[in-house]
Amino acid sequence: MKIAVILPRGTHFGPDKATAIDLCAYDFVRFSRYRDETVVVGEALDRPFDDVRFIGVPRRSGQSQASFSDALAAAAAAERPDVVVVHQHIPSARRIASRFGDRPVLLHRHNNPKRPKGFLGRWMERRKYAPFARIIVISAFTRDRLIAYFPSLSAKCHVVHNGLDLSEWPITATKHREILFVGRAVPEKGVLEAARAAVSALERAPDWHIRFILSGLDGNAPYAAEVTDTLRPLGDRAEVQRDLPHAAVREAFRDAAIALVPSRFEEPFGRTAIEAMAGGAALICSLRGGLKETAEGVSLEIDPDDPASIAGAITRLVNDEALRHRLAEMGRKRVETAFAIEGSAARLDDIYAAASSRKVAGRAVDASE
């Protein structure tokens, strides 16, 4: 079975600046039983991942998203795939699907669905999902929300968690006295609250330091500057880094004793949380949205809107080595049993196979029919 995976917008399918969506697509292809028959199609870049077949489509300056989607679809169509998978961007996915009327097109979503407004809004939003043979979402939380809005999508909506290749996440014997935050520099991630909490908690822990690895600083410069200013009382015990390659992020999680995921909004899933647990860090987490199914029972829950709550959790873990070790071991075990890439990739392959088999007279059949 030949598969074309299309990354239509805001992605970077390479080791230097890969987004969470790129990493998800990359890992699924690497561990797919259809790996040798799969091609990834996305925006051209200088250094794509070199162990997955990739077709880079140049994007002209000023080219519209619709025109670029057409170019991606043409590149994918030339491969004559049996199944087409489009990640994330629904308008692009709908346009691409219209070019593959005789083959199933699957939508792989990484965000929560929007709440429709009124009858007309529900009708219009529901229609957006109509062209897709299957809808893949990354958590039960996201699926439940989508089905609550659109019950008729239940039959073709499937949960496939992000997974990690745990061979890339060996546990280090010795942890640094470091607290780590990894995420976008935006208010909904709770970055500023984490910085305020760290200043408070580390006043009484002079041998500990904190590191922030942030992305998206260019578009959120004032917010990032406020985070940096907040951390000044800690001097060289606080470090802010930006846009590190994922290999460096993995190493940071393996070194850190404690990780913070204080998301203030309802996360669709929480890949950062499973990376923290895979690296053997004791996790402090808000458990909002999909984070609940990811980290409940293996982390310290906090109120992300209250820096005092975060500071209290930091202080507790700094002062209780046994608890740190216990949470780290429990978190790693959670990832091994629930979020190893082998299991997630096998489930996704089964969905691809089922979608490919449902054809009538050369037409892909909607699973809700």
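Details
- When M124 is tested against (1) within 30 Å of G280 (Cβ to Cβ); (2) without any contact (Cβ under 8 Å) to a residue 60 or more places away in the chain, exactly one condition is not met: (1).
- If you go through the stretch 107-124 and keep only what is surrounded by 13 or more Cβ atoms within 10 Å (Cβ to Cβ), over 23 Å from the mean Cα position of the chain (by Cα) and not in a loop (DSSP other than H, G, I, E, B), you end up with G121, R122.
- Matching residues, the stretch 125-142, being assigned to a helix (DSSP H, G or I) and buried (at least 21 other Cβ atoms within 10 Å of the Cβ): F141, T142
- Looking across the stretch 162-186, the residues that are closer than 14 Å to A252 by Cβ and among the acidic types (D, E) come down to E168, E178.
- Positions within the stretch 115-162 being among the β-branched types (V, I, T) and within 27 Å of G101 (Cβ to Cβ), in sequence order: I135, I136, V137, I147, V160
- Filtered by the rule that a residue be without any contact (Cβ under 8 Å) to a residue 40 or more places away in the chain, in a loop (DSSP other than H, G, I, E, B) and of a type in the set (D, E, K, R), the stretch 282-312 gives R288, E296, D303.
- Condition check for A205: modelled with pLDDT of 95 or more, within 22 Å of D306 (Cβ to Cβ) and part of a loop (DSSP other than H, G, I, E, B): yes
- For G62, the conditions (1) in contact with a helix residue (DSSP H, G or I) (Cβ under 7 Å, 6 or more places away or on another chain); (2) at positive phi are fulfilled apart from (1).
- Test: residue in the stretch 312-331 that is surrounded by 18 or more Cβ atoms within 10 Å (Cβ to Cβ), modelled with pLDDT under 95 and more than 20 Å from K189 (Cβ to Cβ): no
- The listed residue being crowded, with 18+ Cβ neighbours inside 10 Å and out of contact with any Gly (no Cβ under 8 Å at 6 or more places or on another chain), out of T38, T11: T38
- Top-ranked residue in the stretch 156-180 [being assigned to a strand (DSSP E or B) and touching a helix residue (DSSP H, G or I) at 6+ places or on another chain (Cβ under 7 Å); ranked as farthest from A276 (Cα to Cα)]: C157
- Residues in the stretch 56-104 that are surrounded by fewer than 19 Cβ atoms within 10 Å (Cβ to Cβ) and in a helix (DSSP H, G or I): 9 in all.
The values are calculated or read from the model by the stated rules, or taken from the named source; none is laboratory data. Just so it is clear, the model here is predicted, and its values are computed rather than measured. Methodologically, a virtual Cβ is constructed for each residue, glycine included, from the backbone with ideal geometry; neighbour enumeration extends over all protein chains shown.
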